[in-house]
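Here's the structure, in structure tokens; my notes come after.
The values are calculated or read from the model by the stated rules, or taken from the named source; none is laboratory data. Note that the structure is predicted; figures quoted are calculated from it, not measured. Here the Cβ is made from the backbone with ideal geometry for all residues, glycine too, and neighbour counts use every protein chain on show. When the accessible area is computed, the model is the full protein with side chains, heavy atoms only, and any ligands, DNA or RNA have been set aside. Shrake-Rupley method; radii C 1.70, N 1.55, O 1.52, S 1.80 Å.
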Amino acid sequence: MTVPLTGPEFGSYAPDEVTWLLKDLSHVDLEGDIAEREARIQAGLAHYAESLPIEYQPDAAYRELFDKALGTTAGRLAHAVGTVTELLLAERGTDLTLVSLARAGTPIGILIRRWALRQHGLSLPHYTVSIVRGRGIDSAALDYITERHDPESIVFVDGWTGKGAIARELSAALAEYAACGGPVLSDDLAVLADPGHCVRTYGTRDDFLIASACLNSTVSGLVSRTVLNDTLIGPGEFHGAKFYAELAADDVSNQLLDAVTAEFDTRGDVESAARRVLDSDRAPTWAGWESVERVRAQYGISSVNFVKPGVGETTRVLLRRVPWKVLVRDLTADEHAHIRMLAAARNVPVEEVPDLAYSCMGLIKDLP
């Protein structure tokens, strides 16, 4: 079994805030040209998790926009963090083991841990594990956690939902894990924002800007996307990832965490917000997936995998895929000003669709 990793040797987060259950692949050349990589993936010649895209590093104007966005949304983020944490404590009790889905879930897991510590004096263990669409969750990482913690205490954490592909992947992967002899684990995924209406534990269902979506590794502890490649990951080893220590000068990972944490004490109505969520009908309707199917058909797109709904997913399309078009509900909305800037930089057209179910959607180019 590979050895768990912590900062500062791996990642820029403090060692007590997260343990990365990943294999360090920092020494391996895994990055490829985005267009070439996309073509191989779409042609069925490679899986997206077998390699890494070259990480786009935005210019100074975009970084300035990120700083502004963080300043204006930190309070809203803190409220969502508090709401989802109070929801978890009310439903699952205080003996929680946080397991973030790498990498978007990692900063959210740290913020949930910080809220529980500051507001309730709870020091919750927090791990990050890899989950890969089409390949499932890292069973070696689950073995490591369940050998050390009560399986009933485990809560999976992510940043947001798009159409719900990862929520479905998690459910299927945990069912398979139990079928193979592992303990039964709850697939009740906890997220800050659930605009896709595909989970029942969330801080909000609004499609709003979560600043950790604005950048790549420089807002995620300087850690890459996870890698699952049979030539690098052997039986019983954790999935892999890279630590981009060379990007330390541009790292804003802890700046984001501290900006949101500074807003915790001003969120006086969090308990009542959590109570409103508890008392509401939270059953997933998968309404987001239905709207994605409609857009796919309307624009003649071959697969729902090429339709990425929501602010977070649209940002990802522009940062590391080959985008074709961006759809927005309102061309002047603040929550996706950074998306319009990225689209302009990459010469991607932005189309206003007033009745769009999400604030925005990113459409990936369907390559011939």
- [ ] Calculate, axis by axis, the spread of Cα positions in the range 317-368 along the three principal axes, and write the results as whole Å, longest axis first.
- [x] 31, 21, 14
- [ ] Can you tell me the dipole magnitude for the chain around its Cα centre, using point charges on the Cβ only (Lys, Arg +1; Asp, Glu -1), in Debye to the nearest 20?
- [x] 640 debye
Task: Accessible-area order (highest first, 1.4 angstrom probe) of the listed residues 257, 89 - done: 89, 257
Open item on the list: Run lengths n ≥ 4 of DSSP H only: what is the helix-derived mean residue ellipticity at 222 nm for the chain, with -39500 (n - 2.57) per run over all residues, to the nearest 500?
Closed with: -11500 deg cm²/dmol
Open item on the list: Probe of 1.4 angstrom, ligands and nucleic acids ignored: what's the accessible area per residue over the range 227-368, in square angstrom?
Closed with: 46 Å²
- [ ] Give the residues of the range 240-274 whose amide nitrogen is closer than 11 Å to a point set 7 Å from the Cα of residue 14 in the direction of its Cβ.
- [x] 258
- [ ] Determine the sum of side-chain charges near residue 305: Lys and Arg each +1, Asp and Glu each -1, restricted to other residues whose C-beta is under 13 angstrom from that of residue 305.
- [x] +3
Open item on the list: Let me make sure I get this right: for the range 133-199, a, b and c are the square roots of the gyration tensor eigenvalues over alpha carbons, sorted descending. Under 1.5 in a/c it's rounded, otherwise prolate if a/b > b/c, else oblate. Which is it?
Closed with: prolate
TODO: Have a look at the DSSP beta bridges in the range 1-142 and tell me what percent are antiparallel, nearest 5.
DONE: 25 percent
Open item on the list: Please compute the Kirkwood hydrodynamic radius of the chain from all pairs of different C-alpha atoms, in Å with one decimal.
Closed with: 20.6 Å
- [ ] Note down the magnitude of the dipole of the range 214-368 about its Cα centre, charges +1 on Lys and Arg C-beta and -1 on Asp and Glu C-beta and zero elsewhere, to the nearest 20 debye.
- [x] 600 debye
- [ ] Output the peptides 9-15, 330-336 sorted from most to least packed, where packing is the average of other Cβ atoms within 10 Å over each peptide's residues.
- [x] 9-15, 330-336
Task: Neighbour-limited loop hits for trypsin sites (Lys or Arg not before Pro), the range 133-237 (at most 14 other Cβ within 10 Å; DSSP other than H, G, I, E, B) - done: 133, 148
- [ ] For residue 355 paired with residue 60, estimate the spin-label separation in nm (one decimal), with each label point 7 Å from Cα along the Cα-to-Cβ line.
- [x] 4.6 nm
Task: Neighbour cut-off at most 16 other Cβ (10 Å), DSSP loop, GluC sites (Glu not before Pro), the range 129-220 - done: 147
- [ ] Multiply the residue gap between residue 6 and residue 250 by 0.36 nm, knock off their C-alpha separation, and tell me the result in nm, one decimal place.
- [x] 85.9 nm
Open item on the list: Above 16 Å lies some portion of the pair distances; for the range 1-113, what is it as a whole percent of all C-alpha pairs?
Closed with: 74 percent
TODO: Express as a percent, rounded to the nearest 5, the fraction of DSSP beta bridges in the range 299-368 (both residues included) that run antiparallel.
DONE: 75 percent
Task: Global form of the range 77-184, assessed from the alpha-carbon gyration tensor, a/c cut-off 1.5 - done: oblate
Task: Within the range 57-210: Cβ-based charge dipole about Cα centre, in debye rounded to nearest 20 (Lys, Arg +1; Asp, Glu -1) - done: 360 debye
- [ ] Estimate the FRET efficiency between residue 229 and residue 303 by the formula 1/(1 + (r/R0)^6), using the beta-carbon distance for r and 35 Å for R0, to the nearest 0.05.
- [x] 0.95
Task: Fluctuation leader among 248, 80, 141 - the chain, Gaussian network, Cα springs under 10 angstrom - done: 248
Open item on the list: Can you compute the modelled spin-label distance between residue 290 and residue 341, with each label point 7 Å from Cα toward Cβ, in nm?
Closed with: 3.7 nm
- [ ] With N set to the residue count of the range 196-269, report its C-alpha Rg divided by 2.2 N^0.38 Å to two decimal places.
- [x] 1.49
- [ ] Considering the convex hull of the alpha carbon atoms of the range 277-347, report its projected area averaged over all viewing directions, in nm², one decimal.
- [x] 6.2 nm²
Open item on the list: Taking all protein chains in place and a 1.4 Å probe, what share, in percent, of the accessible surface of the range 325-368 do carbon and sulfur account for?
Closed with: 50 percent
Open item on the list: With a 1.4 Å probe and all protein chains left in place, how much of the accessible area of the range 7-113 comes from carbon and sulfur atoms, in whole percent?
Closed with: 53 percent
Task: Lysine pair count for the chain [Cα-Cα under 20 Å; pairs on different chains or 8 or more apart] - done: 7
